[in-house]
């Protein structure tokens, strides 16, 4: 007991680092998302559907090849119309990955357990030299 009292700062650092290691498991892993390579594997192997949650103007300026546009503010109502089978993997994409993380959380609440966010968004997709389409 004296050790814990004398070294309270070390105990606090150890407890804090332990919590940081457990954070992804506690949040369900939604925070990180998948990288572009993992997204391509989901698309090719598991027939994942790519949903771009950007505004229509951003979508027209450039999006993942084959992606469907469902803006974030319409996701809760339109996703069940676009992806009818909730067992289908869904890759959510935005410009930087921030909106797609929120979209993945919304999709999971709707019952899409295989919904993931593209980490880094369209910027990471372009950096990996993967195909991008323009237009609606």
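What follows is calculated from the coordinates using simple rules that are stated; it is not laboratory data. Every value quoted in this text rests on a predicted model; they were computed, and no experiment measured them. Because the Cβ atoms are built from the backbone with ideal geometry, glycine has one as well, and the counts that use them run over all protein chains shown.
Where the centre of each part is set by its Cα atoms, how far does segment 52-79 sit from segment 109-136, in angstrom? One Cα centre to the other: 10 Å. Sorting 51-57, 70-76 by their mean Cβ neighbour count within 10 Å, with the most densely packed peptide first, gives 51-57, 70-76.
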